[in-house]
Structures are given as C-alpha cells and as structure tokens.
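No value in this document is a laboratory result; all are computed from the given coordinates. Model, not experiment: these values are computed from the prediction. Heads up, the Cβs are rebuilt from the backbone with ideal geometry, glycines too, and the neighbour counts pull from every protein chain shown.
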Amino acid sequence: MSDVLSQNEIDNLLAALDSGELTAESIINKGNEKVVSNYDFARPAKFSKEHLRTLEIIYEHYGRLLATHFPLYLRKNVQVSLLNSEAITYHEFSNALSSPVLFGIIDIVPLNGSIILSIDSSLGFAMVDRLLGGKGLPLNKSREFSEIELSILGKVFNICVGLLVEPWENVVHIEPKLERIETNAQFAQIYSPNEMTSIVSLSIQMGEISGLASICMPYACLEPVIDKLNTKFWYSSIQEREEVTYKDAIESAISRANIPVKVVLGNSVISVSEFSNLQRGDIIKLDKRIDDELDIYVGNMHKFTAVPGSIKDSYAVKIKSVIREEQEDG
C-alpha cells in the first residue's frame, strides 16, 4: 500500500504539475525505481529481529532464575529484569566496558567457542561485602579486585553459569563451564574485533544497589543453532517438552509419596479398669480366628486382605485378595 498524502502535500504536488516543475512521466518513473539499501560489510546483519527476540525470551527466563536463587545465596532481596538486546561487533562490546569489570568467560558445550557474562564492578563489590557479612554496599572509590574477592565471586559466577542450562533446554542441551574471570576486557580478546555478537542486557537490583549484567554471544558460537532461534520453534519445543515433563513430574511425585499401610489383627472391647491393670504377659482376646484373613488399609481405604506370617525374624502378611472400589461400595 502506498503512503497516504496529506492535503498540503497534494496541493504542492498539483502546483508543481501546473507550473511545469514536475511531469506525470517523472512521477511514474520515480515510482518504478528500485530502492537500494547500503550494506555494511564491516557489520553484516547476521542476527535478525527474530533471533534477538528469541534470545530475549531465553534470558527473561534466565533473569527469573537469578531473581529466585540470588536471595537464597546473598540473603538479600534481588530483582532481575530484561532491558534489551542488540547486535554489535565484539570490538564495540569490549570497548563499552569500564575497568575494572567482572568478565566471566563461559565455555558452552556442545556449541562452538565461549560466551561472556559481564557484571558491573559496583555489583561485584556489593556482593562480596554481603557474602562477608556486610550490608551489601559498593565501594566509594573504584579499585581492582583482590584474589580473595575474585575467589568469592567465582562461586557467584558458578551459580550464574549453572542456571544457564534450563533456559536453553528448548533450543539445545548445553553443559556450561566457567573457564576464568577477567577484570580487564582487553585481556579477554577471544574473538575477532569485527565478529558480530548478540548482546542481552539485564538490570540487577540488589537492595538499594543496581547494576547491569550483559551476556555476549558471538555469532560463531550460536551458528550451529541459529535456525532454532525463532519463536515458532521455541514455543513448539517448550509445548512438547512441557507435556512430557508434566507427566514425568506427576509420576515421579507419586512414586515418592509416603502412604501409611496398616494391618488390623482384630478388635476387642475392654473396660478402662482392665486396660489400666494390664501387665506384661496378659492376653487380650480378639474377634479374629488364627485362620481368618486380616484387613489391610492403605491410608483410610480398605484395600487388601491377607494372612499373617513371618519372614526370618520379622512379622509379615501375605496378600490374598484386592478389594476393588465396587466391592467396597457393596
């Protein structure tokens, strides 16, 4: 559909035709011209909007997992929200990072290469302060991280790395592993400066402190699964997986359920006086004979009949029949 002209534009166009500045032939030829767009070979468009949207869905899930696990570890309220996603070169990504920065290089098996998780240094210092018993406040003056602080933050990064598995499960099963942590982006030139990368940014609010976390995923790493990074595939995969997972979860939960099972040997009625005077060796007469079948209850439901016996040094019963619901109703 062609653009709709305003009344002012229509008047100007008619005036140009009347004055001879514009002819009908030139308008027709202009409408037939092919529109040519410039192609930037330095920044080829390898990531489509559909790819970036699917990555946003994946890391929205990842952000919810972080918001659930961080409070358990840091003992402080943490909120994580998705900000945006974009496709830029690796050079632009690394140059935009301030120093010092927490730069986790994560090996993603079976994908090729590594992805990068960067966290603002202010958040890093606040996490260290919280883990060492403080209130979770950042430093007033920026400085480099010590070896002890990096060792503590390594545990935080390992939590972040472990949580990557579930969000990616609908695309590919990955086994992420933290290779190392860098505090200077210049020492982590693991890709060519012109390599196209997709960047997903998360906002992390820890109490009164907020900062950014960015996940950098080079095209070379995602290329084997790039065709699966579309919402249609993602939703169809999650639907199939949820149906199987839901059934398996129910079966697993039922199999682990503890249900009380009791065998009623018989019943008897005695007075309170007789009960209070019971002594070791006294015999209580039941309403069951030795060869009578006993009732077995699962929970409060009469489910089986059985005969008494023993196995080695333990008492036991042998099930003789199953009580069906219709038998119970009858």
Can you pull the one-decimal nm distance between simple spin-label points at Glu166 and Ser19, each 7 Å off the Cα toward Cβ?
-> 6.8 nm
The FRET efficiency for Ile148 and Ser252, from their Cβ-Cβ distance with R0 = 56 Å and rounded to 0.05, is 0.85
For Arg53 and Asp313, what does the FRET efficiency come to when R0 = 45 Å and r is the distance between their Cβ atoms, rounded to the nearest 0.05?
-> 0.10
Can you give the FRET efficiency for Ile259 and Lys177, using 1/(1 + (r/R0)^6), R0 = 41 Å, r = Cβ-Cβ distance, to the nearest 0.05?
-> 0.50
In Hz, Karplus ³J(HN,Hα) per residue of segment 293-304 (6.51, -1.76, 1.60; θ = phi - 60°; x = Gly, Pro) = 7, 9, 9, 10, 10, 9, x, 10, 9, 6, 10, 9
Report the net charge of residues surrounding Ile108, where surrounding means a beta-carbon distance below 11 angstrom and charges are Lys +1, Arg +1, Asp -1, Glu -1.
-> -2
Cα→Cβ-extended label distance, 7 Å offset, between Leu132 and Asn158, nm | 2.0 nm
Sequence-distant or interchain residues sharing an amide H contact under 5 Å with Gly136, placed H: which?
-> Arg130
Between beta-carbons, use under 15 Å as the cut-off and find the net charge around Ser118, counting Lys and Arg +1, Asp and Glu -1.
-> -4
Send over the Kirkwood Rh of segment 42-153, from the inverse of the averaged 1/r over different Cα pairs, rounded to one decimal Å.
-> 16.3 Å
Listed here are the pairs Lys135/Lys177; Lys76/Lys155; Lys49/Lys76; which of them are more than 24 Å apart at the Cα?
-> Lys135/Lys177; Lys49/Lys76
Integer Hz, Karplus 6.51/-1.76/1.60 couplings in order for segment 281-292, x for Gly and Pro | x, 5, 10, 10, 7, 9, 8, 10, 8, 4, 8, 6
